[in-house]
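S.K.: I have a structure here, written as structure tokens, and I will follow up with some questions on it.
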Amino acid sequence: MGPSLLRIAPADPREYVEQMVGSLMAGESVVLRPQGLEIEEDPAVPILRGFEPRADLGPCILIATGGTTGGIRFAIHTPSTLWTAAQGFAQQFRQWPRRHVSPLPLEHVGGIMPVFRAIAAGGRAVFADYKDWMEKAPSENELPSIVSLVPTQLRRLMNSETGLAWLHTFRCILMGGAPLEETDRNRARELGLRVSPCYGMTETSAMITVNPPEAFLAGDDTVGLPLPHARITLLPPEQRIIVMGDMLCHGYWPVRPDFSRDPLFTGDRGAWEPAGHLRVLGRLDRMINTGGEKVDPSVVEERVMTLPGVTEALAFGLDDSDWGQRLVVAVAGELEVTEDAVWSALRETRRPCEVPKTLRLWPWRLPRTGTGKPNWRRLRSAFETDAPPAAE
């Protein structure tokens, strides 16, 4: 039979959560359906229908993740893994408000975890659309709350008068999904916003480190101390971040349904600060983080390379003040290759974040250096002008 696929529209989050809880209590696994995954027609459905949890796990919660291999991939969690993370957060921050506001999509781990954290703290989860905050000011008696945001949301709210008023009502603004740009960090501090940078991922049941607002406002740009449920080490020589703990997912469906959960080798580099805080230094691979969504550029490139006449494709991220990184793709091909055909191929994805913001088409080949490596200077400059790329 396979797992239940939650089909509730984002406008009805309470029913979404009720269906999830009801299915789990009935012993059924559930899939937090990602945006763009259609239930009836999508080819992912037969794959999901074939999922059966290990006997020792019980009902599972499948959460989509970008990962590093592309394709359809779901982290296999259980109520226990998510509950472990929620309890660790509640244990660390007993004095924080117990009211958790979630404006993030519920199919993301960052959207569903505030529900678990609120329950673990004996509080309440509140669902909201952050765009509403840019149109209607908060009331004078808003209750003390914790909110979870990604940098793009924070940036847009800071640029809105009523959005900024909402930000000032929150006792803690948990910031995940992607690092905050320096300009956003500085502005948040100038505005006195109680931002709390975090580090985590779908595989770790969201955050495993938290930097309290007081430290952030004092100029600390780290992601803080590990939470009680997480053990973090750095593997030399590249200082890869290694994570251990009972909150880790049990595997990926369908590519690696059963692997040793302990430890998790991330694709990030880190460093320990003297106070024991973790500083994330960047990615060890080519993963692009755009608006809090992780995109593997090779997935985009492979989609373009299926087109007849295409000879090369290179996807990469450019710094962007709104998205953190803006996904772009450079394509080379025979003269009959058209931009319309390339765009059509690029849009054949279930993840909107995998559709580049900009496309540049070169005749025959992409610019390269004398050693045959991509000429990054010329490639990047081509996306800063409207002029068509010159033939190589």
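No value in this document is a laboratory result; all are computed from the given coordinates. All values derive from a computational prediction rather than experimental measurement. For neighbour counting, all protein chains shown are included, and Cβ atoms are generated from backbone atoms with ideal geometry for every residue, glycine included.
S.K.: Need one number: % antiparallel among DSSP beta bridges in the chain, to the nearest 5.
M.R.: 60 percent
S.K.: Residue 137 to residue 55: extension gain in nm, 0.36 nm per residue of separation minus the Cα-Cα distance? Before the final figure, lay out each step's value.
M.R.: Working: separation 82, 0.36 × 82 = 29.52 nm, distance 5.00 nm.
That pair, residue 137 and residue 55, stretches by 24.5 nm at full extension.
S.K.: Something else: Once phi is turned into θ = phi - 60°, what whole-Hz ³J(HN,Hα) does the Karplus curve with 6.51, -1.76 and 1.60 give for every residue of segment 51-59, x standing for Gly and Pro?
M.R.: 6, 9, x, 4, 4, 7, 8, x, x
S.K.: Report the residues of segment 160-175 in range of a label on residue 190: point 7 Å along Cα→C-beta, backbone N strictly under 18 Å from it.
M.R.: Output list for this probe position: 160-165, 167-168.
S.K.: Over segment 288-382, what is the mean sequence separation of C-alpha contacts under 8 Å (at least six apart), divided by residue count, expressed as relative contact order in percent?
M.R.: Normalised by residue count, the contact order of segment 288-382 is 26 percent.
S.K.: If you don't mind, another one. Can you tell which of 15, 190, 354 shows the greatest fluctuation in a Gaussian network model of the chain with Cα springs below 10 Å?
M.R.: Maximum fluctuation in the GNM of the chain, among the listed residues, is at 190.
S.K.: Among [x] 22.2, 71; [y] 21.7, 65; [z] 20.4, 65, which one is Rg and Dmax of the Cα atoms in Å computed from these coordinates?
M.R.: So the calculated entry is the one marked [y].
S.K.: Would you please give the FRET efficiency between residue 344 and residue 380, computed as 1/(1 + (r/R0)^6) with r the Cβ-Cβ distance and R0 = 41 Å, to the nearest 0.05? Can you show the working numbers first?
M.R.: Working: r = 25 Å, r/R0 = 0.62.
With R0 = 41 Å, the Cβ-Cβ based efficiency is 0.95.
S.K.: Once every DSSP H run of n ≥ 4 in the chain is given -39500 (n - 2.57) and the sum is divided by its residues, what mean residue ellipticity at 222 nm do you get, rounded to the nearest 500 deg cm²/dmol?
M.R.: Details: 11 runs with 98 residues, N = 392.
The helix contribution divided over the chain gives -7000 deg cm²/dmol.
S.K.: Related question: Please give me the summed charge of the neighbours of residue 93: other residues whose Cβ is under 11 Å from its Cβ, Lys and Arg +1, Asp and Glu -1.
M.R.: On the way: positive: 94, 98, 117, 171; negative: none.
Spelling it out: positives minus negatives among the neighbours equals +4.
S.K.: For a protection proxy built on the mean count of beta-carbon atoms within 10 angstrom, sort 154-162, 295-303 highest first, please.
M.R.: Those peptides, ordered most packed to least, come out 295-303, 154-162.
S.K.: Most exposed first by the Cβ proxy, i.e. fewest other Cβ within 10 Å, how do 246, 184, 340 rank?
M.R.: Going from least to most buried by this count: 340, 246, 184.
S.K.: Hey, another quick one. Along the Cα→Cβ direction, 7 angstrom out, place labels at residue 279 and residue 239. What is the inter-label distance in nm?
M.R.: About 0.7 nm, to one decimal.
S.K.: Continuing with the same structure: Determine the shape class of segment 156-264: with a ≥ b ≥ c the square roots of the Cα gyration tensor eigenvalues, call it rounded for a/c under 1.5, and otherwise prolate if a/b is greater than b/c, oblate otherwise.
M.R.: Working: a/c = 2.63, a/b = 1.98, b/c = 1.33.
Note, shape of segment 156-264 comes out prolate.
S.K.: For segment 288-382, what proportion of DSSP beta bridges, expressed in % and rounded to the nearest 5, is antiparallel?
M.R.: Counting DSSP beta bridges with both partners in segment 288-382, the antiparallel share is about 70 percent.
S.K.: Moving on to the next point. Let me have the relative contact order for segment 4-283, percent, based on Cα pairs under 8 Å that are six or more residues apart.
M.R.: The value is 15 percent.
S.K.: Per residue of segment 312-320, in order, report the coupling 6.51 cos²θ - 1.76 cosθ + 1.60 (Karplus, θ = phi - 60°) as ³J(HN,Hα) in whole Hz, putting x for Gly and Pro.
M.R.: Whole-Hz 3J(HN,Hα) from phi for segment 312-320: 8, 8, 9, 9, 7, x, 10, 4, 9.
S.K.: What is the fewest-to-most order of 244, 175 by other Cβ atoms lying within 10 Å of their Cβ?
M.R.: Working: 244 16, 175 29.
The most exposed by this proxy come first: 244, 175.
S.K.: Using a Gaussian network for the chain with springs between C-alpha atoms less than 10 Å apart, which of these wobbles most: 225, 143, 164?
M.R.: Maximum among the listed residues: 143.
S.K.: Most mobile of 350, 185, 380 per a Gaussian network model of the chain (Cα springs, under 10 Å)?
M.R.: 380
S.K.: Okay, moving on. Per-residue HN-Hα couplings for segment 275-286, Karplus 6.51 cos²θ - 1.76 cosθ + 1.60 at θ = phi - 60°, whole Hz, x for Gly and Pro?
M.R.: Each residue's phi maps through the Karplus curve to give 7, x, 7, 8, 10, 8, 8, x, 7, 8, 10, 9 Hz.
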